[in-house]
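Have a look at the structure below, then the notes.
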Amino acid sequence: MRLERLGENKFKIFVTFDDLKERGFTREDIWHNLPKAHQLFQEMLFEASDELGIDLDGILMVKVHLLQAQGMLIVVTQDDDVVDDEYIEMKVTLDESKEFIFLFPSFEAIIQACKTLDHIGMTGGSLYHLNDEYYMQFTEKDLTDMNKENVIAILSEFSSPSTVTSFRLREYGKVIIEDKAVKQIVSYF
């Protein structure tokens with residue numbers, strides 16, 4: 001489980017499907033077993049609260065994004081207008097993405113990831129720039145004949161899963177490399 005504070009009353013939690021499995025949960029539990037999913041969210045929120053030093057109380061807006069192969073991205077926002085030390089209410093929104101998009105902190109991170117992906121035979125992908133950030137998208141075609149777990153492990157070292165959709169990237173972002181991004185980046189850098 002990875003945690004990141006986004007503001008005074010907002011943070012995000014990233015949990016891989018392996019992390020969920022270690023906790024005794026499956027992807028299906030999140031969608032079909034509401035009491036079990038609620039228990040998972042509570043456990044993770046309290047762990048995050050302790051680790052980040054945030055006092056959770058009042059109303060919490062919890063947005064859960066199930067990412068295709070990477071895991072779950074949870075964004076938690078605490079409503080500052082309602083503060084009650086003995087009361088916590090969670091409003092949970094579930095969303096699932098079938099896309100395989102990663103957010104990179106720098107272009108250098110993309111270069112390093114591509115060099116590593118090249119070693120396992122990966123050549124595909126598209127590269128975008130949006131709001132001073134870099135995104136790489138991989139399609140099912142790009143992942144054919146690849147071990148997805150290996151690709152995810154490599155990408156997780158250099159980037160984080162993104163909830164930005166390909167539609168938003170194409171509409172508002174700038175396409176840097178449309179096809180075979182890994183191959184092209186390795187050949188240039």
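Derivation of every value follows stated rules applied to the coordinates shown; laboratory data play no part. Note that the structure is predicted; figures quoted are calculated from it, not measured. When we count neighbours, we look across all protein chains shown, and the Cβ atoms used for this are built from the backbone with ideal geometry, even at glycine.
Brief remarks on what is shown
- Each Cα pair under 8 Å and six or more residues apart adds its sequence gap; the mean of these over the residue count of the chain is a relative contact order of 20 percent.
- Ordering 94, 169 by the number of other Cβ atoms within 10 Å of each residue's own Cβ, fewest first, gives 94, 169.
- Of all complete DSSP H helices in the chain, those with a Cα span along the helix axis of 15 Å or greater and a mean Kyte-Doolittle hydropathy of 0.5 or more are 148-158.
- Cβ charges +1 (Lys, Arg) and -1 (Asp, Glu), total dipole of the stretch 128-187, debye: 140 debye
- Largest-first ellipsoid semi-axes for the chain, taking √(5λ) over the Cα gyration tensor eigenvalues, angstrom: 33, 18, 14
- Listed pairs 12/183; 63/141; 98/180; 91/148 exceeding 22 Å between Cα atoms: 12/183; 63/141; 91/148
- Computed magnitude of the charge dipole of the chain (debye, nearest 20; Cβ of K, R +1, Cβ of D, E -1): 1100 debye
- Footprinting exposure proxy ranking of 116, 26, 123, fewest other C-beta atoms within 10 angstrom first, gives 26, 123, 116.
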